[in-house]
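The values are calculated or read from the model by the stated rules, or taken from the named source; none is laboratory data. Quick caveat: nothing in here was measured; it's all calculated off a predicted structure. Please note: Cβ atoms are built from the backbone with ideal geometry, for glycine as well, and neighbour counts cover all protein chains shown.
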Amino acid sequence: MKKIIGTGLFVCMLVSVSFGAKITEGFESKEILKKMEIEGDVVISGDQFHGGKTALYVPENSQAIFTIGTENKFGTASFWVYDSCNCKTEATAPLGWGGPFFGLVNADGDKVVLWAQSSKGVKFGTGYAVTFTAENQWFTKWWSKITRGKAGWNKYTFTCTDEKTLSVTQNDEKEVSSISEKVEFFNKGFTGIIMAGGKSPADMGKKKAAPVKKAKKGAEKAEAPVAEETKVAPTGEKFYLDDIEVETKDATPAPAK
């Protein structure tokens, strides 16, 4: 059940919150899916859960955005993530596989995420990298202090309280990476929390056109190309999202001096 503590306003099935508002979500009802942006086979599942009896399961080739509002907000977003730690070596990871990721998204569609991925000489998925998607930064990764070895739940807190502040911690104690130096790529606030079961943060959800079929002899014209989703082979990774807690304030730019 979604709870709003403080002042709030529902608009077009999305949540728009004012200064000092607090939102929590435990994914105990499938009704919440109607208020989220979903691609693929995202479901409410009881296979893994943190606080209640169910959690949000985001399988491979799928993506979910828990929407905070339509306009950027500054604040903090905490949530629990279950990682199955079914890591693949670089040699066995399917071509183009970016690994699961989770983090924040803003009104422009730009993201800052923790992204499990491969690197030369490193086992696929044994750690997370911090990745931004603004200005084509998605291909640049800053390796974090997080390692993946044992399946289980961990709490992540993203803090962006103003245009100069950006940090991510794990379990309220470990800052996973010095991403404040890259705040220019995510300094407008956020509109939601994003999780994807696997794919490049920049490419997730994009379409590609199928090859144009040649016209058969006697036909007037070639058949029109049909757009299809880009997908990757499954690897067995399983990620769940639960117990979201968000506190926000309006992301009004600071006045010019």
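Name the single residue that is surrounded by the fewest Cβ atoms within 10 Å (Cβ to Cβ) among those in segment 139-154 being at pLDDT below 90 and of a type in the set (Phe, Trp, Tyr). The extreme case among them is Phe139.
For segment 83-107, enumerate the residues that are modelled with pLDDT under 85 and not polar (S, T, N, Q). If the condition is that a residue be modelled with pLDDT under 85 and not polar (S, T, N, Q), then Cys85, Cys87, Lys88, Glu90, Ala91, Ala93, Pro94, Leu95, Gly96, Trp97, Gly98, Gly99 are the ones that fit.
Taking segment 160-169 as the search range and keeping residues that are among the hydroxyl-bearing types (Ser, Thr, Tyr) and assigned to a loop (DSSP other than H, G, I, E, B), which one is farthest from Leu114 (Cα to Cα)?
Looking only at segment 160-169, we keep the residues that are among the hydroxyl-bearing types (Ser, Thr, Tyr), and these are 161, 165, 167, 169.
With the extra rule that they be assigned to a loop (DSSP other than H, G, I, E, B), the set shrinks to 161, 165.
Working: Thr161: 19, Thr165: 17 Å.
Ranking the qualifying residues of segment 160-169, first place goes to Thr161.
Screening segment 30-89 for residues that are aliphatic (A, V, I, L, M) and in a loop (DSSP other than H, G, I, E, B) and picking the one that is nearest to Cys160 (Cα to Cα) gives Ile68. Within segment 1-34, the set of residues being of a type in the set (D, E, K, R) and modelled with pLDDT of 50 or more comprises Lys22, Glu25, Glu28, Lys30, Glu31, Lys34. Do we find a residue being closer than 22 Å to Gly75 by Cα, modelled with pLDDT of 90 or more and touching a helix residue (DSSP H, G or I) at 6+ places or on another chain (Cβ under 9 Å) anywhere in segment 35-58? No: zero hits.
Can you name every residue in segment 163-194 that is farther than 22 Å from Thr24 by Cβ, among the hydrophobic types (A, V, I, L, M, F, W, C) and in contact with an Asp or Glu (Cβ under 8 Å, 6 or more places away or on another chain)?
Matches in segment 163-194: Val183, Phe185, Phe186.
Return yes when Ile68 is of a type outside the set (Phe, Trp, Tyr), under 15 Å from the mean Cα position of the chain (by Cα) and modelled with pLDDT under 95 and no when it is not. Break it down stepwise before answering.
On the way: of a type outside the set (Phe, Trp, Tyr): yes; under 15 Å from the mean Cα position of the chain (by Cα): yes; modelled with pLDDT under 95: yes.
It is true that Ile68 is of a type outside the set (Phe, Trp, Tyr), under 15 Å from the mean Cα position of the chain (by Cα) and modelled with pLDDT under 95.
Candidates in segment 170-193 are the residues that are outside any strand (DSSP E or B) and among the hydrophobic types (A, V, I, L, M, F, W, C); of these, the one that is surrounded by the most Cβ atoms within 10 Å (Cβ to Cβ) is Phe186.
Here Thr157 fulfils each of the conditions (1) under 23 Å from Glu245 (Cβ atoms); (2) modelled with pLDDT of 80 or more; (3) in a loop (DSSP other than H, G, I, E, B) apart from (3).
Can you pull out the residues in segment 160-199 that are hydroxyl-bearing (Ser, Thr, Tyr) and either touching a Lys or Arg at 6+ places or on another chain (Cβ under 7 Å) or within 22 Å of Ile244 (Cβ to Cβ) (or both)?
Going residue by residue through segment 160-199, those that are hydroxyl-bearing (Ser, Thr, Tyr) are 161, 165, 167, 169, 177-178, 180, 191.
Across segment 160-199, the qualifying residues are Thr161, Thr165, Ser167, Thr169, Ser177, Thr191.
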